[in-house]
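The structure appears right after this line, and notes come after that.
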Amino acid sequence: MNNLDNIINFINKVPKAELHLHIEGSLEPELMFKLSKRNKVEIPFKSVEEIKSAYNFKNLDSFLKIYYEGSNVLITEEDFFDLTWEYILRCKNDNIVHTEIFFDPQSHTERGIEFDVVINGINKALKKANSDFGITSKIIMCFLRHLDEDPCFEVLNQALKHKDKIIGVGLDSSEKGNPPQKFKKLFETAIQEGFLTVAHAGEEGPPEYIWDSLNLLKVKRIDHGVQCLRDDKLVETLKQKNIPLTVCPLSNIKLCVFEKLENHNLKKMLDKGLRVMVNSDDPAYFGGYLNKNLIETSKALNLNMVDVRVLIENSFKSSFLDENSKNNWLGKI
Ligand code: ADE
Ligand code: ZN
């Protein structure tokens, strides 16, 4: 077996954690089509093929428009269960043993869907994942940063009675022009309520958004963070503080953050000693789940076995699992 075959074999077999996955972004065209019929919700596509051919994005905003339209087919608790269960079957297939899932309550409550319908559907599928397959999980609730801070407090309020299910809050959606400081008070309140915090930063936005996520939002992880290499002092700080960066290579190519995978800066980040790992972000829209992200990136960037092992180890080290569980999985890599 040559070296690449060894690496692919390792990726397929090793237990992995995923830390950056939007559950709405795992809505495959087939399920979107099925739910649009089941719920009699119109979508602007006549077939699964037409949906797939619409997935050509020029930046984050052009993707988000289609992503929010797709989410409109999700109405009932059963829909959120089915959506999550399909993702769990992908986890099983990719040997993901632990996953930390984002959901966007505001893209549902704004359409009149109850917060409880969304969280209960997701949570039931995650409980079944644990009892059927032993897969563990955490749920992170994201605020949509293109909206104002005020209405987010209402969402936070709704989350309080689900503290047993939601471990933390995050910040996603359109990054440029929606800086972290817009949500400083919201995140302070969330922390007081006992939620951990994370934020998308430095996906398209400048290094300052990463600084402000650390300093103002007190985040434990930065989602994406690939723009950090534009600021040496920031790189030093991220390294010193061991801040995880949840990088999503296929997403970055689909959204034109890098022109091609060969140009991605993941290997540079690894070589600088940053705590990076690979994730799939919105796999139904970006062409691949976790193993495909790892395999394609390994090929394009010529990663060696040590690089891949570090990426997988970082996924567990950076998770919100307890120390015992982390060490247990780290011992199996
Ligand atoms: N919501 C879903 N995917 C996202 C991404 N890649 N960036 C920001 N918000 C998102
Ligand atoms: Zn994301």
Exercise. Please report, to two decimal places, log10 I(q)/I(0) for the chain at q = 0.12, 0.16 Å⁻¹ as given by the Debye formula with identical point scatterers on the Cα atoms and no solvent.
Key: -0.80, -1.55
Exercise. Could you list which residues have their amide H under 5 Å from that of LEU196, counting only those 5 or more apart in sequence or on another chain, with H placed in the peptide plane?
Key: GLY168, VAL169
Quiz prompt | Between the stretch 30-45 and the stretch 55-72, the Cα center-to-center distance that results, in Å | solution = 16 Å
Practice problem: Using Cα centres only, tell me the gap between the stretch 183-208 and the stretch 249-299 in whole Å. | Solution: 23 Å
Exercise. Excluding residues on the same chain fewer than 8 positions from LYS272, give the aspartates and glutamates whose Cα lies under 16 Å from its Cα.
Key: ASP231, ASP232, GLU236, ASP307
Exercise. Positive end of the charge dipole of the stretch 140-210 (Lys, Arg +1 and Asp, Glu -1 on Cβ, about the Cα centre): tell me which of CYS152, MET141, GLY194 has its Cα farthest that way.
Key: GLY194
Exercise. Before anything else, pin down the relative contact order of the chain: Cα pairs under 8 Å, at least 6 apart, normalised by residue count, whole percent.
Key: 20 percent
Quiz item: In debye, nearest 20: dipole of the chain around its Cα centre with unit charges on the Cβ of K, R (+) and D, E (-)?
Solution: 860 debye
Quiz item: Which of LEU321, HIS20, LEU261 sits farthest toward the positive end of the charge dipole of the chain, with +1 on the Cβ of Lys and Arg and -1 on the Cβ of Asp and Glu?
Solution: LEU321
Quiz prompt | Accessible carbon and sulfur surface of the chain relative to its total accessible area, %, 1.4 Å | solution = 47 percent
Quiz item: Under unit Cβ charges (Lys, Arg +1; Asp, Glu -1), what dipole magnitude, rounded to 20 debye, does the stretch 1-127 have relative to its Cα centre?
Solution: 280 debye
Quiz item: Can you give the relative contact order of the stretch 172-237 as a percent, counting alpha carbon pairs under 8 Å and 6+ residues apart?
Solution: 33 percent
Quiz item: Which residue, GLY177, GLY202, GLY70, has the most motion in a Gaussian network model of the chain that connects Cα atoms within less than 10 Å?
Solution: GLY177
Practice problem: Pick out, from SER62, ALA125, HIS108, the residue whose Cα sits farthest towards the positive end of the charge dipole of the stretch 19-129, with +1 on the Cβ of Lys and Arg and -1 on the Cβ of Asp and Glu. | Solution: ALA125
Practice problem: Would you please give the residues with an amide H less than 5 Å from that of THR99, counting only those at least 5 places away or on a separate chain, with H modeled from the backbone geometry? | Solution: GLU18, THR136, SER137, LYS138
Self-check item: Between the stretch 84-111 and the stretch 117-141, the alpha-carbon center distance in angstrom
Solution: 8 Å
Quiz item: Based on the alpha carbon coordinates of the stretch 1-156, what radius of gyration and maximum Cα-Cα distance (Dmax) apply, in Å?
Solution: 17.0, 58
Quiz item: Taking all pairs of different Cα atoms in the stretch 1-85, averaging 1/r and flipping that mean, what Kirkwood radius in angstroms comes out?
Solution: 15.1 Å
Quiz item: Once phi is turned into ³J(HN,Hα) by the Karplus curve 6.51 cos²θ - 1.76 cosθ + 1.60 with θ = phi - 60°, what whole-Hz value does each residue of the stretch 216-232 show in order, with x for glycine and proline?
Solution: 9, 9, 6, 6, 8, 9, 9, 8, 6, x, 5, 7, 5, 5, 7, 9, 4
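The values are calculated or read from the model by the stated rules, or taken from the named source; none is laboratory data. Values in this document were obtained by computation on a predicted structure and should not be read as measured data. Cβ atoms come from the backbone with ideal geometry, glycine included; neighbour counts cover every protein chain shown. Just so you know, the surface numbers come from the protein's heavy atoms only, side chains and all, with ligands and any DNA or RNA stripped out. Shrake-Rupley method; radii C 1.70, N 1.55, O 1.52, S 1.80 Å.
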